[in-house]
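Here the structure comes first, spelled out in structure tokens, and everything after it is commentary.
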Amino acid sequence: LITMKKLFTLFAAGALFATGAFAQLPPPFQVEPDVVKDFADKNVGRKAIQGGDRNQDGYLSQEEMDSLEVLNLGSYRIDPFDVVSYEDLAKFRNLKKVYLGESDLAEVDLSRNPKLEVIAIQSPNLKTVVIAVGSKPQFYFPTQSGEIVVRRVVNPDDPNAIWYQ
């Protein structure tokens, strides 16, 4: 026989599950706004933290910044024209691949990223790419029309920079 107490317990448990009290899944990995305060561009900071935060503490240590090899700022990941500065890319010294989505920016300085192997550019507004002397990345322009100027400069952090001067 089912007693009134058991019936009430079953009803209460069913109500909790129906309202989602026990059924809530953890939210997807999100970056809090104050975490990206050290980034000039908050969207670049968010994408870097999402891609490089290995211990999932919501912050990027210097070790995690140094280990980040791929950064995707493609427009399908960030709303178009949300990137207002690329200066944070200099923090990622071992970056090998960078995907630059749409933005209003006309120039990107990647001279502090001498290990770049791939630079993919989606933005029709980007006209100048600055890279380090000695680096030889491949460029991909999936939607680009028009010309892009590639300017090479000496990276003062590069131990081989003396040979390029």
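Throughout, read-outs are computed from the coordinates displayed, never taken from laboratory work. Remember, it's a predicted structure, so these values are computed and weren't measured experimentally. Glycine gets a Cβ as well: all are built from the backbone with ideal geometry, and neighbour counts include every protein chain shown.
Annotations
- Residue-span extension gain [Glu147 to Thr3] - 0.36 nm each, minus C-alpha spacing: 43.9 nm
- In order through the stretch 83-93: 3J(HN,Hα) via Karplus (6.51 cos²θ - 1.76 cosθ + 1.60), integer Hz, x for Gly, Pro: 7, 10, 7, 9, 5, 5, 4, 5, 6, 9, 5
- Local charge for Arg112 was computed over the other residues whose Cβ lies under 11 Å away, with Lys and Arg +1 and Asp and Glu -1, and equals -2.
- Kirkwood hydrodynamic radius over Cα pairs of the stretch 64-137, then Stokes diffusion coefficient at 25 °C and 0.890 mPa s, in µm²/s: 201
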